[in-house]
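The values are calculated or read from the model by the stated rules, or taken from the named source; none is laboratory data. Predicted model, so just to flag it, every value in this text is computed and none were measured. Cβ coordinates were reconstructed from backbone atoms using ideal geometry, including for glycine residues, and neighbour counts include every protein chain displayed. These accessible areas exclude ligands, DNA and RNA; they are computed on the full protein's heavy atoms, side chains included. Shrake-Rupley method; radii C 1.70, N 1.55, O 1.52, S 1.80 Å.
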Amino acid sequence: MSYKSLDTQLVHAGYDRPRIGGAVVTPVFRSATFDFRGSDEGETLRYIRYNNTPNHDALHRKLATLERGEAAVVTASGMAAISTALLALLDRGDHLLIQDTLYGGTAALVAQDLPRLGIEVDAFDPRRPEELAARRRPQTRAIYTEALSNPLVQIPDHRAIVAFARRHGLISLVDATFATPVNWQPLTAGYDLAIHSCTKYLNGHSDIVAGAVIGRRRYLDLIAARLRHFGGSLDPGACFLLDRGLKTLALRVARQNDNAQRLAEYLESHPAVGTVHYPGLPSHPDHDRGRELFRGCGGVLAFEVASGDAAARLLDRLEVMTVAPSLGGVETLVSRPAVTSHAEMAAEDRRALGIGDGLVRVAVGIEDPEELIADLEQALA
Ligand SMILES: *Cc1c(COP(=O)(O)O)cnc(C)c1O
């Protein structure tokens, strides 16, 4: 059965037909192992670590459909997706190009773990793809970017990056966590692999940790094989919750796009607020690129107040918004990158990236935008 629009696919794609036991919702297959006699009729050995229970199979089909990929694999976390993909595709002596602003866990992985295995890494500014030519080496094998950067929500020049990767035969990977297939489908833009921390928008309820890699089958086969060895498969209970969360993705992300835009416009007009970073604002340097590439700019924005102390006081006063790292759930979460995602970085390096002590990140939820604005209003007063 094929479903045409993303909204319908989110609800219906991927399930076994006829339905298993007639159940409208695929139940959790809480079974580590499955009946197997070793017949040679193409029957596969099923095991939770092999990531191939009926819960996994349904989710893989759904995710491949949503991202327009040939195949998909779910993993125990976003970091399991990222590390397994990179380790499956790169060998000793290979060279990887990365964008210079990466999610903290990914930045630590490529800085600390890949070099130990003899894989070299170089960073480039993803808004200046002309830098790529000088960074490429004969050993360069892959290029790794993020849909939108954290926390300044900058947008890489994805068109030029994909064109460069194609021209030089590099495998292109993008962490599309901040975009979601509702706002952008990177495989249709030419990327070979899309990665998600499903912990965030895809699940959407801040109650599991999960990841996914979606894209070309020849790479997914390699990644799925390594996953069996590394062991970062997803528990069937988490598969069930992820599948449930996905059904409302389009509704949630549409609301989060709107809420983020409303909050960004409000904050930009507030006298106590400095720069507001949100690509939906015409003042954002990547506004035009966002309109060209994306259907929406997502639920994350950041803004500047006078100092670290002022930011800390603001967070103390919030009543509707919750002060916590992470993003993508139905509840609005607020954090200070200088003491959370970028705490391990030296203060001057942080400032060089544009992340000051007074920077506040808001990962907008689906609450009433007026109530969120009123919360910011009283906290900024
Ligand atoms: C959270 C996050 C990750 C890591 O995901 P986990 O599920 O926490 O392992 C990777 N990339 C981005 C962009 C993220 O926001």
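Annotations
- Residue among GLY69, LEU333, ALA306 farthest towards the positive dipole end of the chain, charges placed on Cβ: GLY69
- Once the Cα atoms are used to define both axes, helix 78-89 deviates from the longest principal axis of the chain by about 60 degrees.
- Full extension of the chain between VAL24 and ALA225 gives 69.2 nm of extra length, using 0.36 nm per residue less the Cα-Cα distance.
- A Cβ-based charge dipole, computed about the Cα centre of the stretch 326-371 with Lys and Arg at +1 and Asp and Glu at -1, lands at about 300 debye.
- Calculated FRET efficiency for the pair ARG37/ASP349, C-beta based, R₀ 56 Å, to 0.05: 0.45
- Share of pairwise Cα separations in the stretch 6-246, more than 34 Å, in percent: 16 percent
- Whole-percent carbon and sulfur share, accessible surface of the stretch 1-102, 1.4 Å: 52 percent
- Once the Cα-Cα distance is subtracted from the 0.36 nm per residue extended length, the ARG116 to ASP368 segment shows a gain of 85.9 nm.
- Modelled spin-label separation between ASP91 and HIS205, with each label point placed 7 Å from Cα along the Cα-to-Cβ direction: 4.4 nm.
- The antiparallel fraction among DSSP beta bridges confined to the chain stands at about 50%.
- Cα pair distances exceeding 20 angstrom across the stretch 240-349, given as percent: 49 percent
- Subtracting the Cα-Cα distance of ARG68 and ASP7 from 0.36 nm times their residue separation leaves 20.6 nm of extension gain.
- Sites ALA160 and ARG291, calculated FRET efficiency, Cβ-Cβ separation with R0 25 Å, nearest 0.05: 0.90
- Restriction of the GluC sites (Glu not before Pro) in the stretch 231-326 to DSSP coil positions whose beta-carbon has at most 12 other beta-carbons within 10 angstrom yields GLU319.
- Alpha-carbon centroids, the stretch 101-135 and the stretch 293-325: separation in whole Å: 28 Å
- Degrees separating the helix 369-380 axis from the principal Cα axis of the chain, which is the longest one: 50 degrees
- Simple spin-label estimate for GLU130 and ALA108 in nanometres, 7 Å along Cα-Cβ: 3.7 nm
- Placing unit charges on the Cβ atoms of the charged side chains and taking the dipole of the chain about its Cα centre, the candidate lying farthest along the positive direction among VAL110, SER5, THR145 is SER5.
- Qualifying trypsin sites (Lys or Arg not before Pro) for the stretch 1-73 [loop in DSSP, other Cβ within 10 Å: at most 13]: LYS4, ARG19, ARG30, ARG37
- Pairwise label distance in nanometres, LYS247 with ARG317, each label 7 Å out on the Cα-Cβ vector: 4.2 nm
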